[in-house]
Amino acid sequence: MAGDVGFRKLLEPGQIGGLRTKNRIRVAPTTTHYANDDGTASERELAWLEARAAGGAAIVTTAIACVLPSGTIPLENHLYDDSHIPEMKKYADVIHKHGALAFCQVGHFGRHADPKLGTPMGPSVFASPVKRFGTCREMTIEEVEQVRDAHIEAMCRAKKAGFDGGDVHGGAGYMISSFFSPATNKRTDKYGGSLENRARLAVEILDGIKRRLSKDFPVIYRVCADEFMPGGNSQEDLRRMARILEEAGVDALGFLMGWHDAPVSSLGMEIPQGHFLYLAEAMRKVVKVPLLMSFRINSPYVAEKALEDGKIDFWEPCRQFIADPEIPKKLMEGRPEDIIPCISCNQGCFSRVFFYQPIWCLGNPRTGREYDPSYEIKPAQVKKKVVVIGGGPGGMEAAKIAATRCHDVTLYEKEPSLGGQMRLSSKTPFRGEIGNLRQHFVTQMDKLGVKVKLGTMVTPEMARQLGADVLIIATGSHSAMPEVTGIRQANVVPVDDVLDEKVSVGQNVVIWGGKLIGVQAAEFLQEKGKTVTIVEEFRRVGKDIVTTELMGFRRRLKEHNINTLTNARITRIEPKSVVVSAEGKEQIVAADTVVIALEREPNSELVTALQGAAKEVYAVGDCVVPRKMRGAIQEGFKVANQI
């Protein structure tokens, strides 16, 4: 496919206001939580931004620079007085260093501000569905005007700091969007009521910025194309809002999908890539200014088609740039297959934003570590013969990095194909994008000259005869089989064998274990027409599933009539049923097949047997301690980058 698409539209020059851009790719404002505690520029955030500027983006935008102390969150930029100008200048300078345009986003987190600051404020009293944010109080007219003036002053400071343009955050349920929406704005003064009044704060901010700054300083407004909020703006309302902003002089519009409070996620794998382009297409019919968008457009192929069709004018990835800072560079060099894909797992990015934790990326261990010399990938000083045993995520990452560093690498995998748990997970409903990361690894094995030996079970004797300088053991884990009456019956099978379709499964299925892998297996079997019951010892299923994904899983379990028994455990397994104990009461559940999806145990036999079998022996991933995919990939990277 790489040879079929030249990415002509993405790589052609663009225009926003008076600024000419070298291509049509912008790094969207990204909350990283890398700033220092006092809101000043950190080495980590500087390196993050510089890497994305060096990666070839036309525009690199900072995370929100908070315009008032009342609207801050921890580890975020500050721009509410002149003392912050030198700090923000550091960001502009590192972006300019690589020929990118520097844009500064300003905003007020409103009722999503740090709860430690006290009672949050908003246009009206509103109790957030996200309990930790509590209930905000209604602002006075004077406070609204203070917020307005603070946005204007902050943008003027951004100009003084050397930024080429600005971005105003008007989405996600933060301050400005709370004024936009009738769900949260119940005011009866000039800032509430009609749509025009609800847009007044945003318009006054824009008008103030335009009056104070020159025309060659373009301003982008980021607004929602759909809030997904009960009682909120309709899509038509938001198109009218966009038209109002255009008439007020905005230079471009960037579209967000949904609020943080929304009852549905707009970021997960459940939503097909490009799904929200219908909203951009509708916006295109009512405004003429450039439109920027990224939600569920992770793939440059989807983005290129959207630009070709005239639905958007710029692609502004956020999460895809978290995964890979060099997207434009790799497209320009004709190697899109080398882009590390964002799989929309949201484990290291969006799910951490709620808790003010620094972000990371499952697929790229270097994300957020660009400042750390130990994460820099350099050619090895001495070329070594490296043997990796196990072709799951940890083993493939180790092989990829070792080969990148010019080692001679051979990878052994007992199954007929690579991927391990990654491959199995990608086979379940709405998890197909995990397969994109697996395919990235498979492609890199081929491009980097890794010798892959599939269907090969490595024994201790065989490993000792391979003549390796370095052995990296990445043999994964397996489902623990609990001691319970009937566990050794033929109708009891491990979840891995079910997902790999190595065993036949009856009509009535009981899955023992309601964490992620158990829930995935339930959906996998329900899709095949099976009647499924999940038995989970915790008080709810999905204990280890990130919040943004959990909403979708729970909804689908209900829609598909997948029965869940919580605070429960199986006490006996019969040929056609199981006995389940829940809160002191027993019940019999029909079960032609019992699938074990409980805690996992490491496949550590080779780890013990191969100590001393080579000059260097390492173990990575689940064969050390079972956990999520990120841990395996991180360990694979670290080991391969040090040998």
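Among the residues making up segment 1-60, those that are touching a Pro at 6+ places or on another chain (Cβ under 9 Å), surrounded by 19 or more Cβ atoms within 10 Å (Cβ to Cβ) and of a type in the set (Val, Ile, Thr) are 16, 21, 25, 27, 32. Among the residues of segment 605-643, those identified as within 13 Å of residue 390 (Cα to Cα) and open to solvent by less than 40 Å² (accessible area, probe 1.4 Å) are 606, 607, 619, 620, 621, 622, 623, 632, 633, 636. For the condition modelled with pLDDT of 95 or more and part of a helix (DSSP H, G or I), residue 383 does not qualify.
Could you go through segment 600-614 and let me know if any residue there is free of Cβ contacts under 8 Å to residues at least 40 places away in the same chain and under 30 Å from residue 370 (Cβ atoms). Looking through segment 600-614, none of the residues is free of Cβ contacts under 8 Å to residues at least 40 places away in the same chain and under 30 Å from residue 370 (Cβ atoms).
When the residues of segment 546-588 are filtered to those that are assigned to a strand (DSSP E or B) and among the small types (Gly, Ala, Ser), the one that is least open to solvent (accessible area, probe 1.4 Å) is 568. Selection of segment 98-113 for residues being over 19 Å from residue 30 (Cβ atoms) and surrounded by fewer than 23 Cβ atoms within 10 Å (Cβ to Cβ) yields only 99.
Just so you know, in segment 234-279 the residues that are among the hydroxyl-bearing types (Ser, Thr, Tyr) and at pLDDT 95 or above include one that is least open to solvent (accessible area, probe 1.4 Å), and it is 234.
Per-residue answers, yes or no, for (1) more than 19 Å from residue 77 (Cβ to Cβ); (2) aromatic (Phe, Trp, Tyr):
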site	(1), (2)
100	no, no
109	no, yes
117	no, no
135	yes, no
145	yes, no
164	no, no
171	no, no
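Scanning segment 285-306 for residues that are more than 17 Å from residue 319 (Cα to Cα), of a type in the set (Lys, Arg) and open to solvent by less than 60 Å² (accessible area, probe 1.4 Å) turns up nothing.
If you go through segment 156-189 and keep only what is of a type in the set (S, T, N, Q) and touching a residue at least 24 places away in the same chain (Cβ under 8 Å), you end up with 177, 178, 181, 184, 185.
Sort out which residues of segment 527-561 are in contact with a helix residue (DSSP H, G or I) (Cβ under 6 Å, 6 or more places away or on another chain) and over 24 Å from residue 266 (Cβ atoms), and write them in order of number. Matches in segment 527-561: 532, 534. Determine the pairs where a residue that is outside any helix (DSSP H, G or I), located within segment 514-537, has a partner that is among the hydroxyl-bearing types (Ser, Thr, Tyr) and open to solvent by 10 Å² or more (accessible area, probe 1.4 Å) with Cβ atoms under 6 Å apart, the partner being 6 or more residues away or on another chain. Correct list of pairs: 534/564; 536/566.
Taking segment 115-130 on its own, how many of its residues are under 15 Å from residue 70 (Cα atoms) and open to solvent by less than 30 Å² (accessible area, probe 1.4 Å)?
First, the residues of segment 115-130 that are under 15 Å from residue 70 (Cα atoms): 115-123.
This time we only want the ones that are open to solvent by less than 30 Å² (accessible area, probe 1.4 Å), so: 120-123.
Going through segment 115-130 one residue at a time, the tally reaches 4.
Kindly provide the set of residues from segment 131-145 that are aliphatic (A, V, I, L, M) and surrounded by 15 or more Cβ atoms within 10 Å (Cβ to Cβ), ordered by number. Once the filter is applied, which keeps residues that are aliphatic (A, V, I, L, M) and surrounded by 15 or more Cβ atoms within 10 Å (Cβ to Cβ), segment 131-145 yields 139, 144. Checked against the criterion of being under 22 Å from residue 548 (Cβ atoms), assigned to a helix (DSSP H, G or I), under 30 Å from the mean Cα position of the chain (by Cα) and of a type in the set (A, V, I, L, M, F, W, C), segment 481-502 has no qualifying residue.
Do we find that residue 395 is open to solvent by less than 10 Å² (accessible area, probe 1.4 Å), farther than 24 Å from residue 302 by Cβ and either of a type outside the set (A, V, I, L, M, F, W, C) or over 22 Å from the mean Cα position of the chain (by Cα) (or both) in this structure? So residue 395 fits the description; yes. Residue 326 passes every criterion in (1) open to solvent by 20 Å² or more (accessible area, probe 1.4 Å); (2) under 30 Å from residue 114 (Cβ atoms) apart from (2). Name the residues in segment 541-588 that are hydroxyl-bearing (Ser, Thr, Tyr) and either in contact (Cβ under 8 Å) with a residue 40 or more places away in the chain or in contact with a Ser or Thr (Cβ under 8 Å, 6 or more places away or on another chain) (or both), would you? The answer is 547, 548, 564, 566, 571, 581.
Filtered by the rule that a residue be open to solvent by less than 20 Å² (accessible area, probe 1.4 Å), small (Gly, Ala, Ser) and not in a loop (DSSP other than H, G, I, E, B), segment 399-434 gives 399, 402, 403, 425.
Select from segment 114-172 the residues that are small (Gly, Ala, Ser) and within 20 Å of residue 218 (Cβ to Cβ) and list them in ascending order.
Answer for segment 114-172, where residues must be small (Gly, Ala, Ser) and within 20 Å of residue 218 (Cβ to Cβ): 154, 158, 161, 162, 165, 166, 170, 171.
The values are calculated or read from the model by the stated rules, or taken from the named source; none is laboratory data. Here the structure is a predicted model, which is why all the values come from computation and not from measurement. No Cβ is skipped: glycine too gets one built from the backbone with ideal geometry, and neighbour counts run over all protein chains shown. Side chains are part of the model used for accessible areas, which takes the heavy atoms of the whole protein and leaves out ligands, DNA and RNA. Shrake-Rupley method; radii C 1.70, N 1.55, O 1.52, S 1.80 Å.
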